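**Q** Provided herewith is a single structure, encoded as structure tokens, for subsequent inquiry.
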Amino acid sequence: MKVILLGATGMVGQGALRECLRDERVSDVLVIGRTELGVEHAKLRQIVAPDLAELMTRTDVVNALSGYDACFFCLGVSSAGMTEEAYRRITYDLTLTVARALSGRNPGLRFVYVSGQGTDSTEQGRSMWARVKGRTENRLLELPMDTYLFRPGYIQPMHGVRSRTRLYRALYTVAAPLYPLLRRLAPNQVTTTETLGRAMIAVTAAGAPRPHLGTREINAAAAGG
């Protein structure tokens, strides 16, 4: 399968990229992002641009984004300290711009969107981030592609994957020795970057019974695929 990956410098995206490069079912990975990864691999190609929304308006670029089987959309930001308008521009506007461009050029595309536990599908709740994520999910489901919405809870980084946020890096370092215990006590509430990446590939290969996948379904997809 041929995969487009956005958000490869983030924690979830790093995990997805690692699994794509390791999995024999994935033949090509196109990473689209704002910075160079500093990674070389026979499967890997990169498109680097400071403004991804503007990039998706370029006919030459969009025309080259055909022939792909999946898009793993791992790009996201924390809503902390952001206005709803600013958060919406990244979380909703950019996601839909990319999805519309890809869905029109890749019949049968499977679009895996990493959302979050607690996302508000009603779009009416009090939590700003949950409303915006819910609106994003709902509009993605209306596009002509197979959309899968991953809603993980706690994610433990593995295999050298690191959060870009200093505070989160410190918290994950402290939590790492406790992860085996967390997994035993609450197996349906915790996952890892490795498991998320494997689940994305498995869902691309075989689909899933329904579009929304919580931690339980993500872990099951990875184990089965």
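The values are calculated or read from the model by the stated rules, or taken from the named source; none is laboratory data. Quick caveat, the model's predicted, so the values are computed rather than measured. We work out accessible area using only protein heavy atoms, side chains counted, and drop any ligands, DNA or RNA first. Shrake-Rupley method; radii C 1.70, N 1.55, O 1.52, S 1.80 Å.
**Q** Quote the relative contact order of the chain in percent (integer), defining contacts as alpha-carbon pairs under 8 Å separated by 6+ residues. Can you show the working numbers first?
**A** Details: 405 pairs, mean separation 46.2, N = 225.
Relative contact order of the chain: 21 percent.
**Q** Have a look at GLU19, GLU123, GLU137 and tell me which one the Gaussian network model of the chain (Cα, springs below 10 Å) gives the largest fluctuation.
**A** Its mean-square fluctuation being the largest, the pick is GLU123.
**Q** Using the Karplus curve 6.51 cos²θ - 1.76 cosθ + 1.60 with θ = phi - 60°, what ³J(HN,Hα) values do you get for each residue of segment 174-189, in whole Hz, with x for Gly and Pro?
**A** Karplus-based 3J(HN,Hα) across segment 174-189 equals 5, 6, 3, x, 8, 4, x, 5, 4, 5, 6, 6, 9, x, 9, 10 Hz.
**Q** Name the residues whose placed amide hydrogens come within less than 5 Å of the amide hydrogen of GLN156, ignoring near sequence neighbours (fewer than 5 apart) on the same chain.
**A** THR191, THR192, THR193
**Q** Rolling a 1.4 Å sphere over the protein heavy atoms, what is the accessible area per residue of segment 1-92, to the nearest Å²?
**A** 48 Å²
**Q** Something else now. With a 1.4 Å probe and all protein chains left in place, how much of the accessible area of the chain comes from carbon and sulfur atoms, in whole percent?
**A** Heavy-atom surface of the chain belonging to carbon and sulfur, 1.4 Å probe: 51 percent.
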